[in-house]
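Report on one structure; see the data block that follows.
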Amino acid sequence: MRSLLFLLTLAIGAALGLGLTWITTVNGYGPGLVRSGPWETWPRAGTETADPYARAALARAGELPLELADGIAFVAATDSAGRPLDGRCEIRVSGSLPQARFWTLTLSDAEGRLIDNAAARTGFTSTEVVWNRDSTLDVALGPRARAGNWLPTGARDRIVLTLRLYDTAVGLANRTSDAPEMPRILTEHCPWERSS
């Protein structure tokens, strides 16, 4: 009876531990999250001091993260109002970017795959984007072509934006208050919403 109780306790503990680890690593790289509006980053994920959850998530995803000295990657799966990014909607990314020598903004589906489209455009770099006169950024995302900086979403129901800053002075501790100001992400119109 005692050995059965021991085995049951061991099984429950193992299932609970593995389940919590899976939940912690499935949507990010563990507890070192830093958030700035809808943008999230795990600055220690690519360092020697990465926690075991970050290492497990990276191994499971097969990703090679940026070392903090090289740059930092911010990911957004929601807009600034907290709504999931929907590729069937018209979305705008606008505002100032943290200072960096070079940056890339890429669009992917919920599984992290680049979205195939006729325009063969999956992102912008700091050298090819058209800047506003006040040195701010304005990028439109949507299923239909638009003038200016436009990224086709392929009308996917869930999309993810990744902003990578290279050779940047952004050095983050594990506190939200240390996060830099990031561009706003606004959902402007969805086809199922009535226009007023």
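The calculated FRET efficiency for residue 167 paired with residue 113, based on their beta-carbon distance and R0 = 25 Å, is about 0.40.
Taking the number of other C-beta atoms within 10 Å as the exposure measure, put 103, 131, 42, 192 in order starting with the fewest.
So the ranking, lowest neighbour count to highest, is 192, 131, 103, 42.
Between residue 81 and residue 155, the modelled label-to-label distance comes to 2.3 nm, taking each label 7 Å out from Cα in the direction of the beta carbon. Here the calculated FRET efficiency for residue 70 and residue 132, from their Cβ-Cβ distance with R0 = 25 Å, stands at 0.35, rounded to the nearest 0.05.
Taken together, the values in this text are just the output of simple stated rules run on the coordinates, not laboratory data. Since we're looking at a predicted model, the values are computed, not measured. Every residue, glycine among them, receives a Cβ derived from its backbone with ideal geometry; neighbour counts consider all protein chains shown.
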